[in-house]
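Have a look at the structure below, then the notes.
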Amino acid sequence: MASDPKVRLFEEVAKHNKTKDCWLVISGKVYDVTPFMEDHPGGDEVLLSATGKDATNDFEDVGHSDSAREMMDKYYIGEIDPSTVPLKKIYIPSQQTQHNPDKTPEFVIKILQFLVPMLILGLAFAVRHYTKNE
């Protein structure tokens, strides 16, 4: 690690969110993981999805090995200014009604699920009745 860690603003770190320029915030420390993007076992998408936020929970939830934690030292570039890290965003679901992509009301599907087998059964009885009488 650097002997004199630079304190970085969250806004600055959040700008580094591309495959060729990727910084992460984990446990209050900033890491430039750009050289590790292609080598990450989970792929670069995992690292990119952790940009622009405090990725501590994402990192800890995976259960990284001790060697992975030691490897982080070579990517360390400074500390994050905790006052600039935004509060956790709370997900608020939209108030829109559910969209049915096939535009078929569910009750029509349920009726058809009942009527189609009945129609086939009726057709089978009709064919048997007419072929038996001849």
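Before moving on, here are some points about what is shown:
- Ranking of K29, K132 by solvent-accessible surface, largest first: K132, K29 (1.4 Å probe, protein heavy atoms only, all chains present).
- Rounded to the nearest 10 Å², the accessible area of K53 at probe 1.4 Å: 80
- Here S27 sits with roughly 70 square angstrom of accessible surface, probe radius 1.4 Å.
- Whole-Hz ³J(HN,Hα) from phi, Karplus 6.51 cos²θ - 1.76 cosθ + 1.60, for the range 28-42, glycine and proline x: x, 10, 9, 10, 9, 9, 3, x, 9, 3, 6, 8, 4, x, x
- Accessible surface of L115 - all protein chains present, 1.4 Å probe, nearest 10 Å²: 90
- Prolate/oblate/rounded call for the range 15-84, Cα gyration tensor, a/c under 1.5 rounded: rounded
- Solvent exposure, largest accessible area first (probe 1.4 Å, DNA, RNA and ligands not counted), of V25, V116: V116, V25
The values are calculated or read from the model by the stated rules, or taken from the named source; none is laboratory data. What you see is a predicted model, and the numbers here were worked out from it, not measured in a lab. For the accessible areas, the whole protein counts, side chains as well, though only heavy atoms, and no ligand, DNA or RNA atoms are used. Shrake-Rupley method; radii C 1.70, N 1.55, O 1.52, S 1.80 Å.
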